[in-house]
Amino acid sequence: MSPDTNPMRPYLGRLAGVKDLATGIKLFQIELLEDEGKAAFADYKPGQFAFVSAFGAGEAPFGITSTPARTPYLEFAVNALGHVTFTLHALDEGDPVGVRGPLGNGFPMDRIKGHNVIILGGGIGGAPLRPVIQTILDHREEYGHLTILWAARSPDLLVFREEFDEWRTAWATDFHVTVDRGDETWTGRVGLITQLLEEISPSPENAIAITCGPPIMIHFVFLTLKKLGFAPEQMLTTLEARMHCGIGKCGRCNLGEKFICTDGPVFWQYEIAEFLEGFL
Ligand SMILES: Cc1cc2nc3c(=O)[nH]c(=O)nc-3n(C[C@H](O)[C@H](O)[C@H](O)COP(=O)(O)OP(=O)(O)OC[C@H]3O[C@@H](n4cnc5c(N)ncnc54)[C@H](O)[C@@H]3O)c2cc1C
C-alpha cells in the first residue's frame, strides 16, 4: 500500500546530520529517500509537524524546525525524554529513520503578512518558531518590524544559539534573550520572558504575537500580552499533546471539539483560552 492510501506508513529517510543544540536536545537533519516522501514534503509550512520513527522503538511527533527554502533536509529539534526520543538520540549519521507528514495546519503566514511580529520562544518551544523567523527574514519586505524574545531556564538550554548573530543583526529586527537562572559563563540578562516582555512593551498596533513554550509560559505570556493591549485575535500559539495518529482518528489530542493534530497545532488565543488552564 502506498502512503497515498495509507497515511500511517512513514516515508523512508536517512540521518544526514545530528548536532548538539542544547543540553539533552539534538538537531536531526533528515534526507528523505523516496520520491513520494520528497513530493509530500516539497512545500511544508512553518508550524507543521511530522512523526519521526526510530525503527524498532516507535514514532513520536515533532514540530518541523526547518524551511524548504533554507535546507533540503527536514530538521527536528528533539529533547530526550523517553523511549522514542532516547532511541533517536542514540542514532548516528547515516542511520535510517521514518518520517510521516507533514501534518497540522501551520502558522497563517499570509494573515501575518503586513503586521509587526513579536515572537516569544521558551526552551525547545523555540523549535517551531524558527521557521517563522526564517520565513520572515527571507521575505523581509512582506512583514513589519520583527521582535524576537528568546528564553530558556538556563543558558545551556538555549536553542539555535548559532543563529543569534543573524537575528540580532537582521534589518528591522530586535532580538532579546533571557534565562531564568544564569551560570558562571552567562553575562546576559536574567529573568522571566514575561518580565522582559513587560519591559520592552511592544505596541499592539498592527501587531501579531506568536509564542511557544511550556504551557505555563504560554498562559502567562498571553496574560502579559493582554495587559499590554493585545486582543485575542492578535495572539497565536502552537500546542503539544500526547497523540497517536496525527490525522484526527485516535481521539487522543482533542481540545473540546477540536483536535490538536488536525485543527492545530497552531491556534489563536480565543480558540483555546477556555482549555489552556487544563494544560497547566
Ligand atoms: C505537535 C507536537 C509537536 C512537538 N514538537 C516537539 C519538538 O519539536 N521537540 C521535542 O522534543 N518534542 C516535541 N513534541 C513532544 C514529543 O512528541 C514527545 O516528547 C515525545 O512524544 C516523547 O516520546 P518518547 O517515546 O521519547 O517519550 P515517552 O516514553 O512516551 O514519555 C516520556 C515522558 O514524556 C511525557 N510526554 C510524552 N509525550 C508528551 C507530550 N506530547 N507532551 C508532554 N509530555 C509528553 C510522558 O508523559 C513521559 O513522562 C511535540 C509533540 C507534539 C504533539
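The values are calculated or read from the model by the stated rules, or taken from the named source; none is laboratory data. Since the structure is predicted, the reported quantities are computational estimates derived from the model, not experimental observations. Cβ placement follows ideal geometry from the backbone for every residue including glycine, while neighbour counts extend to all protein chains displayed.
Assorted remarks:
- Candidates Thr65, Thr87, Thr71, filtered to the one that is within 19 Å of Gln134 (Cα to Cα), within 13 Å of the ligand (Cβ to nearest atom) and not in a strand (DSSP E or B): Thr65
- Per-region count, the range 227-246, residues touching a strand residue (DSSP E or B) at 6+ places or on another chain (Cβ under 7 Å) and buried (at least 16 other Cβ atoms within 10 Å of the Cβ): 9
- Verdict on Val52 being within 16 Å of Leu129 (Cα to Cα) and within 13 Å of the ligand (Cβ to nearest atom): no
- The criterion of at least 1 residues that are hydrophobic (A, V, I, L, M, F, W, C), within 17 Å of Leu149 (Cβ to Cβ) and within 16 Å of the ligand (Cβ to nearest atom) is met, among strands (runs of 3 or more DSSP E) falling completely within the range 175-280, by 207-212, 235-238.
- The range 249-266 residues that are within 15 Å of Phe51 (Cα to Cα) and acidic (Asp, Glu), paired with ones that are within 11 Å of the ligand (Cβ to nearest atom) and assigned to a loop (DSSP other than H, G, I, E, B) (beta carbon under 7 Å, 6 or more apart): none
- Residues of the range 221-255 classified as in contact with a helix residue (DSSP H, G or I) (Cβ under 7 Å, 6 or more places away or on another chain) and more than 28 Å from Gly114 (Cβ to Cβ), total: 1
- Inter-residue pairs, beta-carbon under 8 Å, first in contact (Cβ under 8 Å) with a residue 12 or more places away in the chain and in the range 95-122, second basic (Lys, Arg) and surrounded by fewer than 18 Cβ atoms within 10 Å (Cβ to Cβ), 6+ apart: Asp95/Arg14; Pro96/Arg14; Val97/Arg14; Arg100/Arg9
- Looking only at the range 84-131, and only at residues there that are under 24 Å from Asn6 (Cβ atoms) and touching a Cys at 6+ places or on another chain (Cβ under 8 Å), the one that is surrounded by the most Cβ atoms within 10 Å (Cβ to Cβ): Gly104
- Close Cβ contacts (under 7 Å, 6 or more residues apart or on different chains) running from residues in the range 53-66 that are not assigned by TED's automatic domain parsing to the domain that holds Val132 to residues that are in a loop (DSSP other than H, G, I, E, B) and within 6 Å of the ligand (Cβ to nearest atom) comprise Pro61/Met243.
- Set Leu228, Leu197: member being aliphatic (A, V, I, L, M), more than 23 Å from the chain's Cα centre (by Cα) and more than 27 Å from Pro10 (Cα to Cα): Leu228
- Annotation for the range 122-143: at least one member residue is at pLDDT 95 or above, over 13 Å from the mean Cα position of the chain (by Cα) and either within 15 Å of the ligand (Cβ to nearest atom) or aromatic (Phe, Trp, Tyr) (or both).
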